[in-house]
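The values are calculated or read from the model by the stated rules, or taken from the named source; none is laboratory data. Quick caveat: nothing in here was measured; it's all calculated off a predicted structure. Ideal geometry is used to build each Cβ from the backbone, glycine not excepted, and the neighbour counts take in all protein chains shown. These accessible areas exclude ligands, DNA and RNA; they are computed on the full protein's heavy atoms, side chains included. Shrake-Rupley method; radii C 1.70, N 1.55, O 1.52, S 1.80 Å.
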Amino acid sequence: MTTATISATSVDRDAEGFLTDPQQWSERLAEEIARENGIEELTERHWLVVRFMRDRYLTTGSAPSIRSLGKESGVPVKELYQLFPKGPAKLAAKIGGIPKPKGCI
Amino acid sequence: MTTVLEEPKLEVVEPKTIEKVSIVVSKGSLEGVYPALIMANGARMDGIEADLFFTFFGLDAIRKDRYEKIKVATVGNPGLHMPTMLGALPGFSSLVTRMMTRQMEKIDIPPIPEFIELVADSGVRLYACKASVDMFGLTMEDFVPQVEDIISVGEFYAKAAGSQVIFT
C-alpha cells in the first residue's frame, strides 16, 4: 500500500491505484484520478456511472458486474466503453474511490 | 590459443501486458461456449482487445435458430460424475442445462443470447469460420446481427496479429 498525495490531501491507495478507504474519497479526488487514467474531463455521463458504482458498493458491499452496470446505471454497455475505454467497471471503481471489482463478469 | 569469452549479461525483461486475445470457439455445448464468452468479456473489462472466431459446432452460438438452445453435453462428460446411460435419457441434457443456467444467473452470468449482445456491445468482434460455414451450407442470413463477417483461417490469423490465440 502506498500513500499518495493528491490535491494536497494524502490518501491510501493499493498498488494499482485503488483507494483502500472509500471514506477518503472526494469529487475533486475523482477528477484527479480520472486525469491520471487518461480521462481529461468527467462529463455528466461519467459521473452517472461513477456515482452508481460507488452507491452500489457502499450499500451492498460489492461493485456491480458490467452486466448490471449496463442494465441499471442508465448508461448502456456500448456507451460505457466509449466513456471508459480501458474497462468501465474497473476505471469507474477507481475514480469512485472503491476497491477493484472482483467478479469475472 | 584460448580466449575467455565475456559472460553475456542477462537482461531483466519486465513482463508485458496482454494487449489482445483471439479466441477460437470450436464446440457447440454450453460448457464449450461459456468459457470463451467469459474470457472475451473479461478481456474487454480489462481494456484488452478481443476477437471471437466461431468454427465447427461453435457456430451454434451465433446461429439465430440455435443460440437459444445451447445445451450441456451430458453424454461422455466425466465432469458431471453421472453414469453415461443416465446422461443419454431423453430430456436429461435440458434438465442439467436448466439447473446450470439457474446457477449462472445467480452469479450474474447472462444467458447466451444476452451474453453475445453484451460482448458485441463491449467491442468484441465476432467472426464465423468460412470453411465451417461452407460445410454446413450457411450464409450471413443464418447468423445473429452481431456477427461482423465470414472469414477464412488466413484472414483470422491476419486479424490476430500481435494477439494471444486461445482455442476452446
Original post:
When residues of the stretch A:88-105 are filtered for being part of a helix (DSSP H, G or I) and either touching a Ser or Thr at 6+ places or on another chain (Cβ under 7 Å) or of a type in the set (K, R) (or both), how many remain?
Top reply: 2
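With basic (K, R) and more than 14 Å from chain A (Cβ to nearest Cβ) as the only criterion, which of B:R125, B:R102 stands out? Break it down into steps so the answer makes sense when it comes.
Working: B:R125 fails: more than 14 Å from chain A (Cβ to nearest Cβ).
Result: B:R102 is the single residue among B:R125, B:R102 that is basic (K, R) and more than 14 Å from chain A (Cβ to nearest Cβ).
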**OP:** Would you be able to tell me the number of residues in the stretch B:41-57 that are more than 10 Å from every other protein chain (Cβ to nearest Cβ) and either at pLDDT below 95 or within 16 Å of A:K90 (Cα to Cα) (or both)?
**Re:** 1
**OP:** Filter the stretch A:53-68 down to residues that are among the β-branched types (V, I, T) and open to solvent by 20 Å² or more (accessible area, probe 1.4 Å) and give me whichever is nearest to the other protein chains (Cβ to nearest Cβ).
**Re:** A:T60
Original post:
Looking at A:E27, A:E16, A:E31, A:E44, which is the one that is of a type outside the set (A, V, I, L, M), touching an Asp or Glu at 6+ places or on another chain (Cβ under 9 Å) and open to solvent by 50 Å² or more (accessible area, probe 1.4 Å)?
Top reply: A:E31
**OP:** Could you list all residues from the stretch B:30-64 that are under 20 Å from A:R67 (Cβ atoms), in contact with a strand residue (DSSP E or B) (Cβ under 7 Å, 6 or more places away or on another chain) and open to solvent by less than 20 Å² (accessible area, probe 1.4 Å)?
**Re:** B:V33, B:A36, B:A40, B:A43, B:A50, B:L52, B:A61, B:I62
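Would you mind finding the one in A:K71, A:K90 that is within 12 Å of the chain's Cα centre (by Cα) and either surrounded by 23 or more Cβ atoms within 10 Å (Cβ to Cβ) or within 11 Å of another protein chain (Cβ to nearest Cβ) (or both)?
Numbers: A:K71 fails: within 12 Å of the chain's Cα centre (by Cα).
Exactly one of A:K71, A:K90 is within 12 Å of the chain's Cα centre (by Cα) and either surrounded by 23 or more Cβ atoms within 10 Å (Cβ to Cβ) or within 11 Å of another protein chain (Cβ to nearest Cβ) (or both), namely A:K90.
Mind telling me which of the residues B:V147, B:V119 ends up being under 18 Å from B:M39 (Cβ atoms), buried (at least 18 other Cβ atoms within 10 Å of the Cβ) and out of contact with any Gly (no Cβ under 8 Å at 6 or more places or on another chain)?
B:V119
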Subject >> All helices (runs of 4 or more DSSP H) inside the stretch B:82-168 with 3 or more residues being modelled with pLDDT of 95 or more >> reply: B:92-106, B:112-121, B:130-135, B:153-159
Subject >> Residue list for the stretch B:100-116, filter: more than 15 Å from B:G28 (Cβ to Cβ), of a type in the set (V, I, T) and surrounded by 12 or more Cβ atoms within 10 Å (Cβ to Cβ) >> reply: B:T101, B:I109
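Within the stretch A:74-87, restricting attention to residues that are in a helix (DSSP H, G or I) and among the hydrophobic types (A, V, I, L, M, F, W, C), which residue is nearest to the other protein chains (Cβ to nearest Cβ)?
That would be A:V77.
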Original post:
When you look at B:G76, is it in a loop (DSSP other than H, G, I, E, B), within 14 Å of chain A (Cβ to nearest Cβ) and surrounded by fewer than 19 Cβ atoms within 10 Å (Cβ to Cβ), yes or no?
Top reply: no
Subject >> Which numbered condition B:Y67 misses (of (1) assigned to a helix (DSSP H, G or I); (2) open to solvent by 40 Å² or more (accessible area, probe 1.4 Å)) >> reply: (1)
**OP:** Check the stretch A:94-103 and report whether any residue there is over 12 Å from the mean Cα position of the chain (by Cα), touching a residue at least 24 places away in the same chain (Cβ under 8 Å) and under 21 Å from B:A43 (Cβ atoms).
**Re:** yes
**OP:** Would you check if B:T97 is crowded, with 18+ Cβ neighbours inside 10 Å and over 20 Å from B:D51 (Cβ atoms)?
**Re:** yes
